[in-house]
1. Using the Karplus curve 6.51 cos²θ - 1.76 cosθ + 1.60 with θ = phi - 60°, work out ³J(HN,Hα) for each residue of the stretch 421-427 in order, rounded to whole Hz, and write x for Gly and Pro.
2. Would you order Val498, Val168 from fewest to most other beta-carbon atoms within 10 Å of each residue's own beta-carbon?
3. Whole-Hz ³J(HN,Hα) for each residue in the stretch 376-384, computed from phi via Karplus 6.51 cos²θ - 1.76 cosθ + 1.60 with θ = phi - 60°, x for glycine and proline: what do you get?
4. Which order do the peptides 132-139, 328-335, 487-494 come out in when sorted by mean C-beta neighbours inside 10 angstrom, highest first?
5. Any of Lys16/Lys490; Lys285/Lys324; Lys206/Lys324; Lys377/Lys486 with alpha carbons more than 31 Å apart? Name them for me.
6. Can you put Glu452, Glu352, Glu504 in order of Cβ neighbours within 10 angstrom, beginning with the fewest?
7. With an 8 Å Cα cut-off and a minimum separation of 6 or more residues, compute the relative contact order for the chain in percent.
8. Note down, for the stretch 176-295, the three equivalent ellipsoid semi-axes (square root of 5 times each alpha carbon gyration tensor eigenvalue), biggest first, whole angstrom.
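Just so it is clear, none of the values below were taken in a lab; they were calculated from the coordinates. Note that the coordinates shown come from a computational prediction; the quantities given were computed from them, not determined experimentally. No Cβ is skipped: glycine too gets one built from the backbone with ideal geometry, and neighbour counts run over all protein chains shown.
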Amino acid sequence: PFPAENLTTTTTREFKHHVVMFPFMAQGHIIPFLELAKLLAKRTGFAITIANTPLNIRSLRPEIDSTGAGLDIRLAELPFSTAGHGLPPQTENTDFLPYNLFFPFLQASEQLEPHFERLICRICQEDGGRLPLCIISDMAFGWTLDVGNRLGIPRIQFCTAGAYGTSVYYSLWTHLPHNQTHADDFVLPDMPHVTLQRSQLPTNIKMATGSDPWSLFMNRQISRNVRSWGSICNTFEQLEHSSLQHMRKSTGRPVWAVGPILPSSLLSSSPSNTKLDSDFLLRGKQTEAKSARACLQWLDSQAPSTVLYVSFGSQNSISLSNMKALALGLESSQQPFIWVVRPPVEAPLNSELSAEFLSDGFEERVKEKKLGLLIRKWAPQLLILSHPSTGGFLSHCGWNSVLESLSQGIPIIGWPMAGDQFTNSKVLEEEMEVCIEMWRGKEGELKPETVERTVRMVMKEEKGNRLRQRAAEIREAALKAVSEDKNGEKKGSSVCAVDDMIRELTVGYQC
Ligand code: UDP
């Protein structure tokens, strides 16, 4: 309920538009939201408030104080409790959360609705009764549309996945096309150009019936997301034009492709790669300067474009047997690598990585031969991807990792595991031609020979050169999309999209 008297209070403060942003509590969502907040604050001078749970706000603060200095970005804590959801205390983020706890965590996030509504009322009060210009919130928080509607504020969904990945994901949940057939391949009814295989379905969709709790939750969010005032996508027109057009047509609402939303130092034509940029070190879970320096030193000792970076994002682990196979395959490929290692899925929650999870003596051997560097749990990914020694990325194909890799012209070896990653890997391989999929999902027994063969193909053989060439073309297109000349006359498509969105939001705004 909105306190009506606030609406009529006159302001004594200088008027400034206010945007409220609300990411889901996962690094792959918080990171691009924060980057978008900086971009909007820089371009418009608006006040931005980022809402989240206390522990996430606490870990965001150093980055705001550093790379957000001088911008009007404020942080707001919303109370959050894990009680009654079967979650360990203080679970406020999907980091290292086992798969079986993921859904309880999503369900728990719905308790944030009244707190979020109260926050907006408070902001309105502090702004002299003026409503925020808009709410920009996560795909997982479709219910923020209800809050926006109750208070009379436009809600925009921010898709942290790509346009293709988002469209296919929404289509799968909406139609469950795999339940209409026994065949292994099936076509999406509203995207007839897309044929998928059962093994490209995330586990939750594979099991969905349409009336189970996952399906009901997802349909509650998606039905609101597609009715929202508009969507922002972390992609760019040239990369995903037809999928963006599909989103525009199917929602009947504007879709602004404003990406790739990345730190500007990563998007300059001469990247300042070897500098210990705070943009890079404070991002996400933060890397200590000491370990970043060790990582840089190791990369400096390798030849250009030879290092394979191996990481499966902020929340995935692999099985013990696949971990051993990956270790053996990497070693026998003889290709230098940096591997961000997490304990396997079988390990108890919060365990540390121990040698028994890898092949005997593996870490010592690769260290001695200067063949491999193991980083535990969290790596300075942007620092690694922007280093000239890095030449390939074995990735789970999370959309942020994809954009970070392509923005550096680095081809991808795909190992999708969940969510939109399967379709990201598919579009990267079949349409963008920058990827070879090596393995799919968390099941089955990966063979070391498969790893060795794929790594050689991408890092050493002609096929890899072609992928690299295509990735370099995409990098050029990405730089163009976010570029603007000094007079602001010539703007890339993503810069135009940001300006269009601001114009549409502010035109007719009653001060
Ligand atoms: N990331 C990082 N270091 C790590 C793991 C992840 O900096 O060790 C960052 C990565 O750069 C990306 C984000 O975390 O920005 C992960 O997002 P993505 O969409 O790739 O995968 P998710 O974690 O959402 O599955």
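1. After applying 6.51 cos²θ - 1.76 cosθ + 1.60, I find 4, 5, 7, 4, 4, 4, 5 Hz.
2. Values: Val498 21, Val168 26.
Least crowded to most crowded, the residues run Val498, Val168.
3. Each residue's phi maps through the Karplus curve to give 8, 6, 9, 10, x, 4, 5, 4, 6 Hz.
4. Values: 132-139: 24.2, 328-335: 18.9, 487-494: 14.1.
Packing proxy ranking, top to bottom: 132-139, 328-335, 487-494.
5. Distance filter (> 31 Å) returns Lys377/Lys486.
6. Ordered by Cβ neighbours within 10 Å, fewest first: Glu352, Glu504, Glu452.
7. Value for the chain: 14 percent.
8. Its equivalent ellipsoid spans semi-axes of 37, 21, 16 Å.
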